[in-house]
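This report refers to the structure that appears directly beneath it.
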Amino acid sequence: MIDHLRGRLSGGGKDFVVVEAAGIGFRAYVSAETRKELPPDGEGCILRTHLHFREGGADLYGFSTETEREIFLATIGVSGVGPKSAMAVLSVLGIAGVLSACAREDAAAFTRAPGIGKKLAQRIALELPDRLKKVSVEFAPSAGEEPQPPTAPEAQAAEALVALGFSRAEAQLAVAAARREKGADLPAEAMIREALRRMSGARG
């Protein structure tokens with residue numbers, strides 16, 4: 001199994017990129033969010049990956065963050081959802097949108113993705129939250145919750161995580177979760193450590 005690719009970005013299309021590593025060009029299907037996170041062609045990059053076997057071949061899917069890959073894997077675990085549909089959900093809603101929809105159990109949000117009808121969207125809204133809890137992915141606040149403005153340490157921690165290569169959406173979700181659990185007075189350095197533990201699937 002290919003866990004990740006580290007190499008030079010060598011072009012791509014609307015829904016895929018080519019990463020050249022060790023003289024081999026690997027084509028990986030990516031979401032719109034990951035496509036935006038990647039550097040310009042010719043520069044180095046790293047993609048977390050999932051190799052999906054199908055009848056007659058296999059496809060490689062790439063992700064800019066571990067959280068995005070975990071959401072993808074949980075989504076294809078829902079009956080009736082294939083990898084292309086899961087990637088469409090991530091492209092249309094993004095990480096934050098998927099987590100927010102799960103928190104609200106909002107089936108209508110998933111119908112925005114191509115190929116996701118009303119019945120399948122209802123199944124996703126019902127099953128995906130439980131699957132995400134099993135892989136310790138934090139949900140965004142639900143619609144009824146009053147969003148709290150980020151504290152100065154939280155903003156600093158999020159920027160530091162972005163500088164380390166994490167997407168802004170993932171960084172903001174992780175530090176917000178750290179603040180909710182550990183308190184708003186948590187220093188930026190401690191918040192970064194807690195957020196990193198969360199994004200690696202660990203719990204402090």
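Have a look at VAL30, VAL89 and point out the one that is modelled with pLDDT of 95 or more, under 20 Å from the mean Cα position of the chain (by Cα), over 20 Å from LYS133 (Cα atoms) and of a type outside the set (S, T, N, Q). On inspection, the qualifying residue turns out to be VAL30. For region 67-88, the criterion of being exposed (fewer than 13 other Cβ atoms within 10 Å of the Cβ), of a type in the set (Asp, Glu) and not assigned by TED's automatic domain parsing to the domain that holds LEU173 is met by none of the residues.
Of the residues in region 84-136, how many are of a type in the set (D, E, K, R) and closer than 25 Å to ALA58 by Cα?
Residues meeting the conditions: 2.
Determine whether region 113-134 contains at least one residue that is crowded, with 20+ Cβ neighbours inside 10 Å and modelled with pLDDT under 90. Scanning region 113-134, I find at least one residue that is crowded, with 20+ Cβ neighbours inside 10 Å and modelled with pLDDT under 90, so the answer is yes.
When you go through SER79, SER64, SER91, SER85 one by one, which is the residue that is in contact with a Gly (Cβ under 7 Å, 6 or more places away or on another chain) and touching a residue at least 12 places away in the same chain (Cβ under 8 Å)? Give the derivation first.
On the way: SER79 fails: in contact with a Gly (Cβ under 7 Å, 6 or more places away or on another chain); SER64 fails: in contact with a Gly (Cβ under 7 Å, 6 or more places away or on another chain); SER91 fails: in contact with a Gly (Cβ under 7 Å, 6 or more places away or on another chain).
Only one candidate passes the filter, namely SER85.
Of all residues in region 22-66, those that are within 20 Å of GLY97 (Cβ to Cβ) and surrounded by fewer than 18 Cβ atoms within 10 Å (Cβ to Cβ) total 4.
The values are calculated or read from the model by the stated rules, or taken from the named source; none is laboratory data. Because the structure is predicted, anything quoted here is derived from the model rather than measured. Counting neighbours? That spans all protein chains shown, and the Cβs are built from the backbone with ideal geometry, glycine included.
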